[in-house]
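Just below is one structure, and these are the notes that go with it.
The values are calculated or read from the model by the stated rules, or taken from the named source; none is laboratory data. Remember, it's a predicted structure, so these values are computed and weren't measured experimentally. For neighbour counting, all protein chains shown are included, and Cβ atoms are generated from backbone atoms with ideal geometry for every residue, glycine included.
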Amino acid sequence: MKEEPTLATNLEQPRAELRATTTPALGETGTSHADAGAAGRAKRDIAGYVAPVLISSIVTLLALAPVLYVRLAHLPKPVATVDLQQLVVLGQQRYLDRRNVQAAASAPDVSTATAASAEFARDLSAAVIELGATCKCVLVNKAAVLNSDAITDYTDQLRDKLKLPAATSGAPR
């Protein structure tokens, strides 16, 4: 009769085979061939995961490059208008109302008016420069623009800043 192997002998045989295959065969470097094979497999496994991640990241950046360029590119500043003629007329009207100037002006009145006009011109110039810096736009005289309906008008803000009276129907617009 044939004897059947017992469970204990079946378990011992794979252990013996395992010990025989895993006993290190030391080389000159002190590492076993089994360790070198495992390290090579680990490097291939890592490369198998890292390469697709790097490739997909590069493709994503290339796909988003045009969008980032449009968002981060230096776009031209918007254009806005200021009606300088209206502001000058309002400044002259304010001066005349304050001084109550008569038809015949004397020499001191002329020099005072010239000095006031120069001061108003400096104030207007400084206000326009400051407004251009705060609105981050290019300011253009309204007289130079043919169709100003689609462009922002900052005349009222400058009028308030210079403390000029509101424009009347007789003042140019």
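Residues considered: VAL59, VAL82. Of these, the only one that is exposed (fewer than 12 other Cβ atoms within 10 Å of the Cβ) and over 15 Å from the mean Cα position of the chain (by Cα) is VAL59.
Where residues in segment 47-78 are closer than 30 Å to LEU162 by Cβ and not charged (D, E, K, R), which of them is modelled with the lowest pLDDT? Write out each step before concluding.
Of segment 47-78, the ones closer than 30 Å to LEU162 by Cβ are 76-78.
The next check asks that each one be not charged (D, E, K, R); those that pass are 76, 78.
Details: PRO76: 83, PRO78: 90.
The qualifying residue modelled with the lowest pLDDT is PRO76.
Taking segment 97-122 as the range and being surrounded by 15 or more Cβ atoms within 10 Å (Cβ to Cβ) and under 15 Å from LEU162 (Cα atoms) as the test, the residues that pass are ALA116, PHE120.
Scanning segment 71-98 for residues that are in a helix (DSSP H, G or I) and of a type in the set (Ser, Thr, Tyr) yields a single hit, TYR95. Under the condition of being closer than 14 Å to THR81 by Cα and either touching a Cys at 6+ places or on another chain (Cβ under 8 Å) or at pLDDT below 90 (or both), the residues counted in segment 152-173 number 3.
Quick one: would you say ARG94 is modelled with pLDDT of 85 or more and either surrounded by 11 or more Cβ atoms within 10 Å (Cβ to Cβ) or under 19 Å from THR155 (Cβ atoms) (or both)? So ARG94 fits the description; yes.
So, THR81, is that one modelled with pLDDT of 85 or more and more than 30 Å from LEU164 (Cβ to Cβ) or not? Here the answer is no, as THR81 does not meet what is asked.
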